[in-house]
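These notes concern the structure reproduced below.
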Amino acid sequence: MQGSPNVVILESNKSIRRYDIDWLRVILFGLLIWFHFAVFYFKQPEGIFGLPYFFVVSVMHQWRLAALFVISGMGTAFALRKRTWKQYVKERLTRLGLPLLFTVYILFFGILDFAENTVLLFSIFPGSENMPYGHLWFVYNLLIYSIVLTPIFYHVKTNPNGSIMRLMRRILRMKSGLGILILPPVILSINGILLKPWEFGEVGMWWEFPRYMIYFLIGFLLISAKNDYFQSLEKIRIPITIITPLLAIFWFIFIILIDVPYVMEGGWVNEGYSPFSLKVIIASILQSFHAWFWCLLIFTWASKVLNKPGKYVSYLNESVYATYILHMHLTIILIVILAIIGIGFLPAMIIGTPVLIFGVLACFELVKRASLLRPLFGIKGGREKVLELFPYNYTDDKSLHILFNLIFHTFALGLIVVLTLLMIGIDNLE
């Protein structure tokens, strides 16, 4: 997740802002929040709505996180544009590390068992039930990727016409866009074929760890290629629009019919199945092409229809990190309330979705006015940014500014305490 302006330097040395990347970041994180609400809801749709729901959720699950890591890789290219590698690493440790630690020890009340959660924080693949960072595994992985790949990133920045980028441009300039269509999913397929049989991939662990790192690196390299990338998107728009829905249907039928358990998640060797049979190899290849083609589909249409300024995009882009951090607390609380009332799936989605959106944005509005807490929620800027907001910007009276500051910090701290206590209560109920 990046907050830096999405600017691409064209061959003519003119700088332009890529609003499509801003919008994609907002849309993808919005889908993530809704996805958690829909999937974790205690009642699932049945009957006529059951199969369409399962299809949408299953297909979306294959590409939504992949696309987010690609977007994050693109954001890294922007973040590194005016930084040295030391400044970049420091910025990543602050921007990703502080919210991660805050979430682990405060929002997820890990401070109550500090030693165990610290050990788990530095454990390799602790498992979804033991990881202390919960849904922030995305940030956890992203922080590791950012640091591990810094040498490559900085090499590309300082050698824009070096061997890596010359190869990347050759791939992107291949006839009919074959390079961007074929090479990334082939690399992803190799990762799946070699690593997926042995362990169940969950929330970015085991075979998924290198998988998402590949997506992250690809995003960085694509944006670093500048115009060649966007020109390649133009080449593939029509064929990818035709192929991807058909591939999704074929993929969905395949996972229903194949008799190997966990063939998309991995770890079927533990169930006694051969690691490298023809059908599991086909499954890994199909999964990789399916996910990558969905990424290309949304990128190519976003570049065509979303690359325009809007009054909401800057606001929503700034809100992404804080709403992502807080959304799971609000989602669980909302689900518990709806479960007590006994509302069915469709009414819950109709009622709960806008409530959840309003809730996370209200929390964002509150915490962004508390200058000392902004870094804990990944919001850039401090006091100088707060002074631009209502009600600070309506007066120059310093005594009123101090009063506002006390009020918003008190409310923000109260919000943190309430959410944490509610989560502890719900955890004890379970």
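The values are calculated or read from the model by the stated rules, or taken from the named source; none is laboratory data. Predicted, not measured: the structure shown is a model, and the values here were computed from it. When we count neighbours, we look across all protein chains shown, and the Cβ atoms used for this are built from the backbone with ideal geometry, even at glycine.
Observations on the model:
- Residue satisfying all of: in the stretch 344-368; over 17 Å from TRP34 (Cα atoms) and out of contact with any Asp or Glu (no Cβ under 9 Å at 6 or more places or on another chain); surrounded by the fewest Cβ atoms within 10 Å (Cβ to Cβ) among these: GLU365
- Some residue of the stretch 80-98 being in contact with a helix residue (DSSP H, G or I) (Cβ under 8 Å, 6 or more places away or on another chain), assigned to a helix (DSSP H, G or I) and under 30 Å from VAL336 (Cβ atoms): yes
- Within the option set GLY134, GLY110, GLY75, being touching a Pro at 6+ places or on another chain (Cβ under 7 Å) and not assigned by TED's automatic domain parsing to the domain that holds HIS327 holds for one residue only, GLY110.
- Filtered residue count, the stretch 210-238, keeping only those that are aromatic (Phe, Trp, Tyr) and surrounded by fewer than 18 Cβ atoms within 10 Å (Cβ to Cβ): 0
- In summary, LYS380 fulfils each of the numbered conditions (1) within 30 Å of the chain's Cα centre (by Cα); (2) part of a helix (DSSP H, G or I) with the single exception of condition (2).
- ILE180 surrounded by fewer than 15 Cβ atoms within 10 Å (Cβ to Cβ) and hydrophobic (A, V, I, L, M, F, W, C): no
Residue-by-condition table, conditions (1) part of a helix (DSSP H, G or I); (2) more than 24 Å from ILE171 (Cβ to Cβ):
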{"site": "VAL203", "(1), (2)": "no, yes"}
{"site": "TYR212", "(1), (2)": "yes, no"}
{"site": "ASP228", "(1), (2)": "yes, no"}
{"site": "LYS235", "(1), (2)": "yes, no"}
{"site": "ILE240", "(1), (2)": "yes, no"}
{"site": "TRP251", "(1), (2)": "yes, yes"}
{"site": "PHE254", "(1), (2)": "yes, yes"}
{"site": "MET264", "(1), (2)": "no, yes"}
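- Only listed residue being over 19 Å from the mean Cα position of the chain (by Cα) and either touching a residue at least 12 places away in the same chain (Cβ under 8 Å) or buried (at least 17 other Cβ atoms within 10 Å of the Cβ) (or both), chosen from ARG81, ARG92, ARG64: ARG81
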